[in-house]
Amino acid sequence: MREDLSLLFTALTAWSQGEVVRQLAADGFDDLRVSHGYVFQHLQNGPVTVRDLAEKMGVTAQAVSKSTGELERMGYVARTPGADLRIRLIELTEAGREAVLSARLARAEVNARMRIALGEDAEAFDKALRTLAESTGALEELAKRRLRLIG
């Protein structure tokens, strides 16, 4: 009987995200959740408006305002005036940039552990995953930073 790939991917995603969240907590970022990463990914290249952030994330401006308000209270983002003083920009603070670095290092560790577990099969597995990601359009969505939590 063939395995259900969707369930296997779900299990691996849950495990890998859990490992990243655990490492973030160990690094002092115990208040961050996986969903915060979807905001952070769009702030990597500098400040954006709430409206632009909502568009990039495929959610409402109200949802972005709620998320960024929470992250602002936590100290990870700041709101600053834009060229038009009526518009506020959202940007990562130093703590936000440190959290991004922590998450990157945690993901690298998770990747290394999975590659060790795969052993000789790691290269073939990487190639097969890339083929799936390309053929489904998921890789393009990732490149555009359009991946988001569904549900």
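What number goes with the only condition from (1) touching a strand residue (DSSP E or B) at 6+ places or on another chain (Cβ under 6 Å); (2) within 23 Å of S16 (Cα to Cα); (3) not aromatic (F, W, Y) that A117 does not pass?
Exception for A117: condition (1).
Take the residues of the range 96-122 that are free of Cβ contacts under 8 Å to residues at least 24 places away in the same chain and of a type in the set (G, A, S): which is surrounded by the fewest Cβ atoms within 10 Å (Cβ to Cβ)?
Here the residue is G119.
Tell me, yes or no, whether the range 69-78 has at least one residue that is over 16 Å from H42 (Cβ atoms), part of a strand (DSSP E or B) and not charged (D, E, K, R).
No.
Among the numbered criteria (1) assigned to a helix (DSSP H, G or I); (2) touching a residue at least 60 places away in the same chain (Cβ under 8 Å); (3) not charged (D, E, K, R), which one does H42 miss?
Exception for H42: condition (1).
What number of residues within the range 2-38 satisfy the criterion of being at negative phi and assigned to a loop (DSSP other than H, G, I, E, B)?
9
Test L24 against the criterion of being within 30 Å of L129 (Cα to Cα), in contact with a helix residue (DSSP H, G or I) (Cβ under 8 Å, 6 or more places away or on another chain), modelled with pLDDT of 95 or more and surrounded by fewer than 16 Cβ atoms within 10 Å (Cβ to Cβ), and give yes or no.
The answer is no for L24.
The values are calculated or read from the model by the stated rules, or taken from the named source; none is laboratory data. Small disclaimer: the values here were computed from a predicted structure and weren't measured. Note that each Cβ is placed from the backbone with ideal geometry, even for glycine, and that neighbours are counted across all protein chains shown.
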